[in-house]
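The values are calculated or read from the model by the stated rules, or taken from the named source; none is laboratory data. Being a predicted model, the structure only gives us computed values, none of them experimental. Cβ sites come from the backbone with ideal geometry, for glycine too, and all protein chains shown count toward neighbours.
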Amino acid sequence: MSFINNAINAFFNVDVVGIFDQESGDQIFSGAAIVKNEVMRDSKIFEHPLETGAVRADHKITLPNEIRMQIIIAGKKYPEVYKKMVQAFENATMLDIKAKVDFFSNMIIKAMPHSESADMLDAVAMNIHFREVRLVSLTVTEFRANNVGNPVQSSTQPTGEKNPKRSASFLFRRTARRSG
């Protein structure tokens, strides 16, 4: 038995990390062995330079979670498992991912590059990139012209696009005065 098959069998005995369909709760891609899992929790800090050369940071937002997962699909299972992964990628299927230390919901497959080589004759290695989707609810309200504070700003007439008036440039006026 090859090294890859031994590694895959060891991973299948105990699933520490799992990928689950969010709707059904079923574990999917069961023929894939997760070799490595990199979780990226990131944020963006808004920085502003000051005249003194110092930088002031006054706000931070948390970015969506991202997970990069190295997977090996071995033997006769890889056509079936790969087809399910492509389907989840194309349909943007919402997935839940259980890692060793946390649980991540609303994850979709962002990218799924893979490599095929002679070294891995009976297996396919993949690097799947998951990204969290943050769902928000929107409230739409109607805003009528009579609710505007300044009536001048509440015109309901369709005036269309207006072009600025054409005027001679400063350089043109100055040149015209000298020549005239």
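Contact annotation: residue pairs with Cβ atoms under 8 Å, 6 or more positions apart or on different chains, pairing a residue in segment 127-142 that is farther than 23 Å from Thr62 by Cβ with a partner that is at pLDDT 85 or above and assigned to a loop (DSSP other than H, G, I, E, B), are Asn127/Met112; Asn127/Pro113.
One line per residue, one yes/no per condition, for (1) in a loop (DSSP other than H, G, I, E, B); (2) modelled with pLDDT of 80 or more; (3) touching a Ser or Thr at 6+ places or on another chain (Cβ under 7 Å):
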| site | (1), (2), (3) |
| --- | --- |
| Val124 | no, yes, no |
| Val152 | no, no, no |
| Gly160 | yes, no, no |
| Asn163 | yes, no, no |
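Would you confirm, using the coordinates I've provided, whether Asp58 is at pLDDT below 90, surrounded by fewer than 11 Cβ atoms within 10 Å (Cβ to Cβ) and touching a His at 6+ places or on another chain (Cβ under 9 Å)? Yes; evaluated as a whole, the condition is true for this residue. Residue count for segment 61-73 under the criterion of being surrounded by 10 or more Cβ atoms within 10 Å (Cβ to Cβ) and over 20 Å from Ala125 (Cβ atoms): the result is 4. Considering only residues in segment 78-122 that are free of Cβ contacts under 8 Å to residues at least 60 places away in the same chain, within 19 Å of the chain's Cα centre (by Cα) and assigned to a helix (DSSP H, G or I), the one that is nearest to Glu66 (Cα to Cα) turns out to be Phe89.
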